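These notes concern the structure reproduced below.
The values are calculated or read from the model by the stated rules, or taken from the named source; none is laboratory data. Worth saying up front: this structure is predicted, and the values here are computed from it rather than measured. Cβ coordinates were reconstructed from backbone atoms using ideal geometry, including for glycine residues, and neighbour counts include every protein chain displayed.
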Amino acid sequence: MSFGNYVKTGLLMAAIVALFGAVGAALGGAQGMLVALAFGVATNFAAYWFSDKMVLRMYNARPVDASSAPQFHGMVRELAAKAGLPMPRVYLIDEAQPNAFATGRNPEHAAVAATTGLLRVLTARELAGVMAHELAHVKHRDILTSTITASVAGAISTLANFGMFFGGRDDENRNPVFALLILIVAPIAAMLIQFAISRSREFEADRGGAEISGDPKALADALAKIDRHARGLSLEAAEAHPATAQMMIINPLSGGGVRSLFSTHPATEERIRRLLGMA
């Protein structure tokens, strides 16, 4: 990953933490800000250690090995070796929608998961491109960044909702109109920052995945096929836990309602264009 993208992601994460402090200040002044930041640290700590188990449980992912899924497991092993990564844990999700994600706090504790629909829809070349994309996320340590931003963004929304319903601490130096504005705007801003981080990381993972697999066109073909099939198939776990949508290779959420105004992923057409440019 380029130095510029590290800086960009760092600035975006700093902004989302600053929003956390702003919500705390709106609820309880300086003391509220400190409490909110402490809550944010605790949230990040939990996300760091337990996010992979939580996400895999949400999706009812089942572990597979060389005996239960020899071709898929062997493919991941070969790609991990090409990428210079430790062998991740491998999971399958019994869902018709084709999709995949990676999780874990670092390359030594990583896991990759794919839906059974993905294995049915894609050719072996295309599947290798997708899993190489997920391993690129592992190599770039995107999985930790995305987990932390999702956790903090969710905590900001929780705090803001608490403030809207129960109000903050009375403080004669606090402007109630400004505080109310913070409570309304902060969750939306946090969501937009979270999605911006996710979109920038997807382009990098596409590039890295194409380099690991050595076949940019296969990943481009896979993205086109996944996007086409995913439009007509819902992924219930993603709908129930929309904060996890950014982890997927293609946005798994249905396009109705307010969610259609926000995008966790860059346009598939642009991703394909860049990959074909590499080819």
| remark: Residue pairs qualifying under the 7 Å Cβ cut-off, at least six apart or on distinct chains, with the first in segment 226-243 being in a loop (DSSP other than H, G, I, E, B) and the second being polar (S, T, N, Q) and modelled with pLDDT of 85 or more, are Leu233/Gln97; Ser234/Gln97; Leu235/Gln97; Leu235/Asn99
| remark: Checked segment 85-95 for anything over 22 Å from Ala224 (Cα atoms) and either in contact (Cβ under 8 Å) with a residue 24 or more places away in the chain or part of a strand (DSSP E or B) (or both); matches are Leu85, Pro86, Pro88, Arg89, Val90, Tyr91
| Odd one out for Gln71, checked against (1) farther than 14 Å from Ala111 by Cβ; (2) at pLDDT 70 or above; (3) polar (S, T, N, Q); (4) buried (at least 18 other Cβ atoms within 10 Å of the Cβ) | (4)
| query | Among the numbered criteria (1) hydrophobic (A, V, I, L, M, F, W, C); (2) modelled with pLDDT of 95 or more; (3) crowded, with 18+ Cβ neighbours inside 10 Å, which single criterion is violated by Ala81? | reply | (3)
| Among the candidates Ala38, Ala136, residue that is surrounded by fewer than 19 Cβ atoms within 10 Å (Cβ to Cβ) and of a type in the set (A, V, I, L, M, F, W, C) | Ala38
| message | I'd like the residue in segment 96-115 that is out of contact with any Lys or Arg (no Cβ under 8 Å at 6 or more places or on another chain) and in a strand (DSSP E or B) and, out of all such residues, is nearest to Ala83 (Cα to Cα). | response | Ala102
| query | Can you name the residue in segment 206-245 that is at pLDDT below 95 and of a type in the set (Gly, Ala, Ser) and, of all such residues, is nearest to Arg125 (Cα to Cα)? | reply | Ala230
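Every residue, every condition in (1) in a helix (DSSP H, G or I); (2) modelled with pLDDT of 65 or more; (3) not aliphatic (A, V, I, L, M), yes or no:
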site	(1), (2), (3)
Gly129	yes, yes, yes
Val138	yes, yes, no
Ala155	yes, yes, no
Phe165	yes, no, yes
Asp171	no, no, yes
| query | What's the number of the condition Ser51 fails, among (1) assigned to a helix (DSSP H, G or I); (2) in contact with a strand residue (DSSP E or B) (Cβ under 9 Å, 6 or more places away or on another chain); (3) of a type outside the set (A, V, I, L, M); (4) over 18 Å from Thr145 (Cα atoms)? | reply | (4)
| query | What are the residues in segment 101-110 that are farther than 9 Å from Met247 by Cβ and buried (at least 24 other Cβ atoms within 10 Å of the Cβ), if any? | reply | Ala110
| Is it the case that Arg57 is within 22 Å of Glu236 (Cβ to Cβ) and exposed (fewer than 13 other Cβ atoms within 10 Å of the Cβ)? | yes
| Hits in segment 246-279 (condition: in a helix (DSSP H, G or I) and modelled with pLDDT under 80) | Gly257, Val258, Arg259, Ser260, Leu261
